Each structure stands twice: as C-alpha cells, then as structure tokens.
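To start, the structure itself, in structure tokens.
What follows draws every value from the coordinates through simple rules; no lab data is involved. As the structure is a prediction and not an experimental result, all values here were calculated from the model. All Cβ positions, glycine included, derive from the backbone under ideal geometry; neighbour counts span all protein chains shown.
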Amino acid sequence: MKKALTILAIIASVLAIIFAVLPISNFAVFPAVIAIIFGLAAYYLSKRTGEVKKIIQFSFILTSLALAISTYKAYFTKTEVANTEVLDAKETQFEEEAIDELENLDIDTNENTDVNIEQ
Amino acid sequence: MLRTSFPFILSILFSLGMLAQNNAISKAEKLTYTASYNMSGILTDIAQVTMETNEVKTSKSTLLRLKCTAVTYSKWDNFFKIRDLYESYVNPNTLTPYLYNRDVNEGSYFKNMKYTFSNNTVKSVMKKKKDYIENKTLTIHTGTKDIVSTLYYMRLTDFKKISVGTQKTFTILFDNEEIKGSFTYLGKETITTAIGKKECYKLAIGTSEANVLQGKNNNLLWLTADENKIIVYGKFKIPVGTGELKIKSASGLKN
C-alpha cells in the first residue's frame with residue numbers, strides 16, 4: 001500500500017511538472033493536488049513503520065516546483081498574439097481578389113429583401 | 001376604404017423598411033475577444049478572436065466587408081497553431097451576402113471555402129492541401145446567409161419588439177449544406193465586462209447540427225442592450241468541453 005501510494009505520488013508530481021512547463025500550466029493544479037494527497041498518505045504510512053523514504057520528499061519538492069511555475073505563469077505571462085504576418089498578407093490578398101470578383105457580379109445595394117427573420 | 005387604409009399600410013411598410021436598415025453596425029468597427037477553454041472551472045486563454053468591418057468599393061457599388069479572425073496566443077503556436085479567417089462581403093443595409101470566404105489553418109489542417117451568392121444559387125469552390133479543388137453549384141433558400149453575415153445579422157434584431165422566450169431561426173450555408181441556426185431571447189441581464197458594466201440581451205443559441213453546439217440553453221450570447229448590440233460575452237458547450245468568449249476591446253462603434 002505504502003509503495004503504491006509513493007509511486008502514484010511520484011507519477012502525479014511528474015505530470016504536474018510536465019503540465020506546468022506546457023501552455024496548459026493552469027491544469028498542473030490537478031495532478032499537483034493528487035500528488036500532495038498520495039504523498040501525505042505515503043508519508044503518514046512510512047512514519048508509522050519508522051522509515052520515511054527520500055523519494056516521498058522528492059515528490060513534494062517536484063509538486064511545489066510545479067505549483068510555483070504554474071502560479072508564476074498565471075500571473076506574469078502575457079497572453080499575446082504573434083506571427084500574424086502571413087494572415088495579414090492573406091487578408092489583403094483576399095480583399096483584392098474579392099473586389100475583382102465583385103466587379104463581375106450584378107449587385108443591387110438598394111434591394112431590401114429578407115427583411116424579417118423567420119419566427 | 002383604400003384611402004383610409006393606405007396610410008396605415010404605408011406606415012407598416014415604412015416600419016418594416018426601418019427594420020431592415022442597419023442601425024447597429026458601422027463601417028469601421030473592431031471588436032476583439034479572448035476565447036478560453038474551461039476545464040473543471042479552470043479557464044485557459046487559447047486564442048484571440050477579432051470581428052472587424054470595413055467598407056469595400058467596387059466601380060458599381062459600396063459594400064461592407066465583415067471579417068472574423070481567430071489567432072492562437074503565441075504560447076500555443078508551437079503546440080497547436082490556429083490562423084483562421086472568415087469574411088463576408090455584404091449589402092451594407094440588409095447584410096445580404098455576395099461573397100464569402102473561409103480560410104482555415106489549424107495545425108496541419110488547411111481548407112479554403114469560397115461562396116459566390118447570386119439570388120438562389122451559390123457557386124462554391126473548396127480548396128484543400130495537395131491542389132484539391134472542388135467546384136459546386138448549390139441551390140439555396142431565400143434568406144440563406146453564410147455564418148459571418150448571420151452573426152452580424154442577429155444584431156439587426158429589434159429586441160424591444162420581441163418578448164422573452166421568442167425563438168428566431170436562420171438558415172446558414174456551411175460546408176455546402178444549409179443548416180438551421182436559432183436563438184431564443186432569454187431577457188435582459190447586467191454583466192461586468194472588460195469594457196464596463198453592460199446591460200445585455202441574453203440569448204440561447206442552437207443549431208440543427210447536434211455535434212456542433214450541445215445541450216439546450218448551454219450556449220449563450222450576451223449582446224449589449226443598446227443600439228450597437230455588440231456581442232460582449234459568450235458561453236459554449238462543445239464536444240470537447242466548454243468555452244468562453246469575452247470581449248477585450250471595442251472601437252469604431254456606430255452609436
């Protein structure tokens with residue numbers, strides 16, 4: 001039981017670290033909470049038998065690190081868009097092409113059809 | 001009889017004509033939103049959505065270009081890059097579409113769809129990667145619009161004249177198929193947004209495509225209860241979770 005809880009705590013803390021460094025850093029909180037619960041349970045059982053393995057403490061360090069990284073990213077990382085040059089160029093190109101195509105269409109902007117939306 | 005009823009008929013026609021007028025959308029409007037994905041209450045900002053209008057002049061007419069873009073935030077670009085562009089060239093008064101363009105770039109997926117509207121027929125050109133081109137001529141019902149012009153057309157609704165619970169339906173041409181879209185007016189609600197505290201018209205939206213928007217009253221839109229009727233907040237239930245659309249900024253509004 002103690003061994004299983006320790007392994008689960010380690011797996012959850014490693015997952016928390018992975019999530020924390022990825023763009024989905026907000027989700028690191030889920031494996032972090034699981035790692036803390038399993039880690040505490042493993043710590044309690046180990047203490048009863050007299051020996052607390054270093055690996056449990058290691059899982060706590062990993063979890064704390066994951067939470068620190070995700071908290072930092074949540075508060076200090078700016079959400080911004082970049083590399084939109086291709087899209088900007090496409091917008092201009094599409095508009096030019098559209099004007100050419102619209103020239104060939106029979107458009108009556110004075111028409112006043114489909115006024116009402118079907119109820 | 002005709003003499004007495006004529007002014008009455010004329011006033012009705014006039015008021016219908018007034019309904020058709022675009023009093024909500026300006027020719028230089030820019031609305032910026034943040035699209036977020038919600039997982040167990042934790043929101044993650046995914047992309048920036050922009051809805052922009054501008055005037056387009058041809059030698060014969062002046063049209064309104066309605067443009068929507070979706071761009072993932074830079075932190076997601078290495079993970080899953082989205083660069084989507086949707087645009088519709090419409091009649092500035094009635095928002096009847098003449099040309100629609102949809103250019104989707106999501107990760108390794110690419111698709112371009114162009115519709116040229118002419119009365120009840122649509123010339124459709126679909127392009128995919130590896131030079132795949134598909135041309136089709138479609139017959140549509142009167143009043144069918146593309147997704148972009150439908151989204152803007154909703155804003156021409158006179159909410160003062162409809163009661164809570166009223167449902168309105170639209171026919172939308174999407175992926176060469178006509179689908180039914182609808183909204184139900186749920187009443188007024190005041191919400192706090194990035195552009196201030198706003199009194200809004202709350203709408204529940206839905207489509208005939210069950211795999212797009214899920215559940216009844218799970219997909220909601222809040223439109224400002226003023227003459228502009230801009231979308232300030234949206235909540236959506238999609239197959240992979242729930243999403244939110246929150247306004248960041250608004251400029252060039254008509255009123």
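Some observations on this one:
- With helices as the sole contributors, chain A gives -24000 deg cm²/dmol at 222 nm; each DSSP H run of n ≥ 4 counts as -39500 (n - 2.57), and the sum is divided by every residue.
- Span from the region B:133-154 Cα centroid across to the region A:1-59 one, whole angstrom: 54 Å
- Its Cα centre serving as origin, the protein assembly as shown has a Cβ charge dipole (Lys and Arg +1, Asp and Glu -1) of approximately 1920 debye.
- Comparing mean-square fluctuations of B:207, B:58, B:139 from a GNM of chain B with C-alpha springs under 10 Å, the top value falls on B:58.
- Stretching residue B:27 away from residue B:251 to a fully extended chain increases their span by 79.5 nm, per 0.36 nm per residue minus the current alpha-carbon distance.
- Counting only other chain Cβ atoms within 10 Å of each residue's Cβ, the peptide B:142-151 averages 1.
- Straightening the chain between residue B:109 and residue B:164 buys 15.7 nm, computed as 0.36 nm per residue apart minus the Cα-Cα spacing.
- Among the residues of B:102-113, the average count of other protein chain beta-carbon atoms within 10 Å of the residue beta-carbon is 1.
- For region A:42-48, putting each phi into the Karplus relation 6.51 cos²θ - 1.76 cosθ + 1.60 with θ = phi - 60° gives couplings of 5, 4, 4, 5, 5, 5, 5 Hz, in residue order, rounded to whole numbers and with x for Gly and Pro.
- Only helical runs count toward this figure. For chain B, summing -39,500 (n - 2.57) over DSSP H runs of n ≥ 4 and dividing by all residues gives -3500 deg cm²/dmol at 222 nm.
- Residue-wise HN-Hα couplings along region A:24-30, as the Karplus relation 6.51 cos²θ - 1.76 cosθ + 1.60 with θ = phi - 60° gives them from phi, are 8, 4, 4, 7, 4, 5, 5 Hz; Gly and Pro carry x.
- In this calculation the C-beta distance from residue A:103 to residue A:68 is compared with R0 = 56 Å, giving a FRET efficiency of 0.40.
- Which of A:91, A:103 has the fewest Cβ neighbours within 10 Å, and the rest in rising order: A:103, A:91
- Two-site FRET efficiency, residue B:182 against residue A:52, from Cβ-Cβ distance with R₀ of 56 Å, rounded to 0.05: 0.35
- Spin-label pair residue A:14/residue B:80, simplified geometry with 7 Å Cα→Cβ offset, distance in nm: 2.5 nm
- A Cβ-based charge dipole, computed about the Cα centre of region A:2-76 with Lys and Arg at +1 and Asp and Glu at -1, lands at about 260 debye.
- Interchain or long-range residues, amide H under 5 Å from residue B:96's placed H: B:91
- Protection proxy ranking, highest mean first, for peptides A:54-61, B:126-133, B:222-229: B:222-229, A:54-61, B:126-133, where packing is the per-residue count of other beta-carbon atoms within 10 Å, averaged.
- Phi angles across region B:54-59 convert, under the Karplus curve 6.51 cos²θ - 1.76 cosθ + 1.60 with θ = phi - 60°, into 3J(HN,Hα) values of 7, 7, 10, 10, 10, 5 Hz, Gly and Pro given as x.
- Exceedance of the 23 Å cut-off in Cα-Cα distance is limited, within the set B:60/B:123; A:90/B:198; B:30/B:60; B:114/B:180, to A:90/B:198; B:30/B:60.
- The charge dipole of chain B, taken about the Cα centre with unit charges on the Cβ atoms of Lys, Arg (+1) and Asp, Glu (-1), comes to about 220 debye, rounded to the nearest 20.
- Less than 5 angstrom separates the built amide H of residue B:194 from those of B:247, all sequence-distant by 5 or more or on a different chain.
- For region B:24-251: rounded, prolate or oblate by the Cα gyration tensor [a/c cutoff 1.5]: rounded
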